[in-house]
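Here's the structure, in structure tokens; my notes come after.
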């Protein structure tokens with residue numbers, strides 16, 4: 001019986017929890033920075049944003065996303081696309097992240 005895990009969106013999102021925004025000290029998935037994950041044969045495409053345009057941690061975070069995706073079994077290429085539309089806001093955060101930062105819904 002094989003224990004091989006199939007590459008899928010949930011697996012990618014789970015892996016991206018390891019990428020931490022260094023300014024906020026929290027993972028980018030729960031912060032709501034990941035807008036879209038597309039998984040193809042050997043290719044992962046991520047569309048994401050930053051908390052603000054010109055974020056000084058932009059290159060660091062995008063590199064982390066790329067490296068984490070590339071480290072997944074079955075991934076030959078990772079493409080990271082940055083967008084600021086729609087603009088990020090705290091309402092995109094998960095309830096867990098909002099609670100961590102004391103944001104009331």
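The values are calculated or read from the model by the stated rules, or taken from the named source; none is laboratory data. Bear in mind the structure is a predicted one, so any value in this text is a computation, not a measurement. When we count neighbours, we look across all protein chains shown, and the Cβ atoms used for this are built from the backbone with ideal geometry, even at glycine.
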Just the residues that are farther than 16 Å from residue 28 by Cβ and surrounded by fewer than 12 Cβ atoms within 10 Å (Cβ to Cβ), please, taken from segment 54-85. 54, 73, 76, 85
If we keep just the residues of segment 25-44 that are over 21 Å from residue 93 (Cα atoms) and part of a strand (DSSP E or B), which is farthest from the chain's Cα centre (by Cα)? 43
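Based on this model, can you work out whether residue 79 counts as touching a helix residue (DSSP H, G or I) at 6+ places or on another chain (Cβ under 9 Å) and assigned to a helix (DSSP H, G or I)? Please lay out each step first, then the result.
Details: touching a helix residue (DSSP H, G or I) at 6+ places or on another chain (Cβ under 9 Å): yes; assigned to a helix (DSSP H, G or I): no.
No.
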Any residue at all in segment 56-66 that is assigned to a loop (DSSP other than H, G, I, E, B) and either over 14 Å from residue 87 (Cα atoms) or over 12 Å from the mean Cα position of the chain (by Cα) (or both)? yes
Where residue 44 falls short, out of the listed (1) closer than 19 Å to residue 26 by Cβ; (2) at pLDDT 95 or above; (3) surrounded by 15 or more Cβ atoms within 10 Å (Cβ to Cβ): (1)
